[in-house]
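Reading through the structure tokens given below for one structure.
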Number of protein chains: 2
Amino acid sequence: MTNAEGTKVQRIGMVIGLRDEAVEDYRRLHADDEPGVRDLLQKHHLRNFSIFMQRLPDGRLYEFGYYEYTGDDLEGDLAALDAEPRNRAWLARCDPMQVPLPGAAGWTVMEPVYHNP
Amino acid sequence: MTNAEGTKVQRIGMVIGLRDEAVEDYRRLHADDEPGVRDLLQKHHLRNFSIFMQRLPDGRLYEFGYYEYTGDDLEGDLAALDAEPRNRAWLARCDPMQVPLPGAAGWTVMEPVYHNP
């Protein structure tokens with residue numbers, strides 16, 4: 001699968017819970033003017049990264065993440081991103097706000113069922 | 001917000017339930033070789049459209065949709081898409097498989113909280 005520029009791209013959709021009391025902090029940390037780890041996502045070929053938030057019928061808040069991986073070693077790049085000290089510091093702030101799905105340690109990668117360019 | 005080609009783009013994330021008994025039919029209808037309404041999405045400027053599926057801790061299946069709107073009248077284009085006879089026929093097949101969130105008639109548009117190019 002390639003994007004508009006002919007680059008190979010792998011689309012990842014993922015989900016995780018978000019604690020009610022963390023919503024405002026989470027929004028602030030992810031605001032457009034907050035640098036966070038934006039440069040590290042770029043460095044490790046995670047592009048066009050969006051997060052959306054929604055309360056579902058079980059009464060809980062969930063976040064849905066989408067990104068496009070443009071490198072050629074997704075596992076390797078994710079491991080390298082995990083090892084970045086600034087990314088570790090970032091996750092140390094975000095992790096306590098989130099509630100992984102049962103059995104998961106972080107975001108749960110979802111099954112892709114459709115894509116139309 | 002613009003994409004890599006400098007085109008204005010609006011990113012939409014949305015969610016809806018999926019009935020357990022409909023999973024196989026839904027996957028088949030959305031397979032890569034199924035034309036469905038792919039051309040109509042293009043015609044009305046809905047690009048890079050992905051759907052992912054996940055069972056959440058409430059035991060129910062959900063679908064998460066993501067697309068990029070590249071036109072300049074989202075409401076108008078969505079209304080025009082809704083009015084396409086082939087899209088109506090398509091929805092008549094998909095709608096019975098799906099479970100809108102309480103109070104919704106179809107997909108629920110989620111709050112965007114983050115974007116990194």
Does B:L18 satisfy the criteria of being in contact with a strand residue (DSSP E or B) (Cβ under 8 Å, 6 or more places away or on another chain), modelled with pLDDT of 95 or more, over 30 Å from A:A104 (Cβ atoms) and among the hydrophobic types (A, V, I, L, M, F, W, C)?
no
Looking only at the range A:68-117, which residues are at pLDDT 95 or above, hydrophobic (A, V, I, L, M, F, W, C) and outside any helix (DSSP H, G or I)?
A:V99, A:L101, A:A104, A:W107, A:V109, A:M110, A:V113
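Yes or no, residue by residue, for (1) touching a strand residue (DSSP E or B) at 6+ places or on another chain (Cβ under 9 Å); (2) free of Cβ contacts under 8 Å to residues at least 40 places away in the same chain; (3) buried (at least 16 other Cβ atoms within 10 Å of the Cβ); (4) within 13 Å of chain B (Cβ to nearest Cβ):
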position	(1), (2), (3), (4)
A:D25	no, no, no, yes
A:R28	no, yes, no, yes
A:P35	no, yes, no, yes
A:G65	yes, no, yes, yes
A:D82	no, yes, no, no
A:P85	no, yes, no, no
A:N116	yes, yes, yes, yes
Just give me the residues in the range B:96-112 being open to solvent by 40 Å² or more (accessible area, probe 1.4 Å), closer than 15 Å to A:I51 by Cα and within 14 Å of the chain's Cα centre (by Cα), in sequence order.
B:V109
Is it true that B:L46 is within 24 Å of A:M53 (Cα to Cα) and either without any contact (Cβ under 8 Å) to a residue 40 or more places away in the chain or open to solvent by 60 Å² or more (accessible area, probe 1.4 Å) (or both)?
yes
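The values are calculated or read from the model by the stated rules, or taken from the named source; none is laboratory data. Predicted, not measured: the structure shown is a model, and the values here were computed from it. Positions of Cβ are backbone-derived with ideal geometry, glycine not excepted, and every protein chain shown enters the neighbour counts. Quick note on the areas: whole protein, heavy atoms, side chains included, nothing else; ligands and nucleic acids left out. Shrake-Rupley method; radii C 1.70, N 1.55, O 1.52, S 1.80 Å.
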